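The block underneath contains the structure these notes are about, expressed in C-alpha cells.
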Amino acid sequence: MAVLALGLTFALAPQPEAVTAPRAASDTFSGDTQALRVAADVTAPATSHESYVSTTGPETLVASGTNLDWAKLVLIEGDWPVTEANITFMMRWMRQENGADNWWNRNNPLNNGQGSGGGSGLGSYATLLDAAYYAAQNLQSGRYPAVDAALARGDSADATAQAIWASPWASSHYGYGTHWSSRPYEVIEAPASAWGR
C-alpha cells in the first residue's frame, strides 16, 4: 500500500513549468548580447581540403596470390606506376619466362639472377615476395635503363617490351619480338607456399 501511495504522490504532484509548458517561438532572449568586430584587413585562412588515396599494398596482393598480383607487386617495389600498360607488359614478360601455368617456377617468375643464387637466372627465392623485391632492384640497377624508363612512363606495354628485348636480360632477346606473345594473359594463382603463407 505504501508503494501505491508513493506512486500516486508523484503522479499528482505538479510538474515544473519547463516540462508542462514549452516556450513559445516568439520568446526572445532579453539579456546582454555580444558583438564581434573584425578588422577590414583580416582575411579568412585558406581552407584545407584534405584528400586521401588508397592503394593496394603488399599484404593484399600476397593474400590474393596470383600472377597479376605479383606483377603489381614488382611495380610497387620499383615505385613504378601501376598502369594497365605496365601490368600488361609484366604479365606478358612473366609468360615468356616461365609460362602461365607455372609462372611461380622456383619462386622466380622472371628468371632473375640478382639475389637468387643463380647468376644466369636459374636461381630461386624463398618467396615470391623476395622475387618481386629483387626483380625491381635488378631493373633499377643501371643495367636496364631503357626498361626502367619505360616502366616509369607506364604508357606502353609494347614500348617496354621493345626495351626488354634490346636489353641484356635474356641472351635470346626474345627474338626481338618474334618469340613474344601479345595474346591476352591469364590470371593464375600460385600455391600459398610460394608466397610463404
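Computed from the coordinates by the stated procedures, all read-outs in this text should not be read as laboratory data. None of the values given here were measured: they were computed from a predicted structure. Virtual Cβ from ideal backbone geometry, glycine too; neighbours counted across all protein chains shown.
For residue 158, the shell of other residues with beta-carbons less than 14 Å away shows a net charge of +1, using +1 for Lys and Arg and -1 for Asp and Glu.
For 79, 69, 130, what ranking results if the residue with the fewest other Cβ atoms within 10 Å of its Cβ goes first? The partial results should precede the final answer.
Working: 79 10, 69 21, 130 16.
Placing the least packed residue first, the sequence is 79, 130, 69.
Rounded to the nearest 0.05, what FRET efficiency do residue 152 and residue 44 give with R0 = 41 Å and r taken as the Cβ-Cβ distance? Could you check? Computed FRET efficiency for residue 152 and residue 44: 0.50. Which log10 I(q)/I(0) values, to two decimals, does segment 58-195 give at q = 0.11, 0.14, 0.17 Å⁻¹ under the Debye formula with one point per Cα? Per q value, in the given order, log10 I(q)/I(0) is -0.33, -0.55, -0.84. Taking amide H positions as modeled 1.01 Å from N, with prolines and chain starts lacking one, no residue 5 or more places away or on another chain lies under 5 Å from residue 78. Applying 1/(1 + (r/R0)^6) with R0 = 30 Å to the Cβ-Cβ distance of residue 126 and residue 187, what FRET efficiency is obtained, to the nearest 0.05? Efficiency, rounded to the nearest 0.05: 0.80.
Determine, for 183, 95, the number of other Cβ atoms within 10 Å of each Cβ, and report the residues in order from fewest to most. Each step should come with its number before you reach the end.
Working: 183 7, 95 20.
By the 10 Å Cβ count, ascending, the order reads 183, 95.
Under the rule of at least 5 residues apart or a separate chain, name every residue whose amide H is placed under 5 Å from the amide H of residue 113. Excluding prolines and chain starts, which carry no amide H, the hits are 121.
Shown in residue order for segment 148-155 are the 3J(HN,Hα) couplings computed by the Karplus curve 6.51 cos²θ - 1.76 cosθ + 1.60 at θ = phi - 60°: 4, 5, 5, 5, 5, 6, x, 10 Hz (x for Gly and Pro).
Sorting 38, 147, 187 by the number of Cβ atoms found within 10 Å of their own Cβ, with the fewest placed first, yields 38, 187, 147.
Derived scalar couplings between HN and Hα for segment 39-46 equal 4, 5, 8, 8, 10, 5, x, 4 Hz in order, rounded to whole Hz, by the Karplus curve 6.51 cos²θ - 1.76 cosθ + 1.60 (θ = phi - 60°), x for Gly and Pro.
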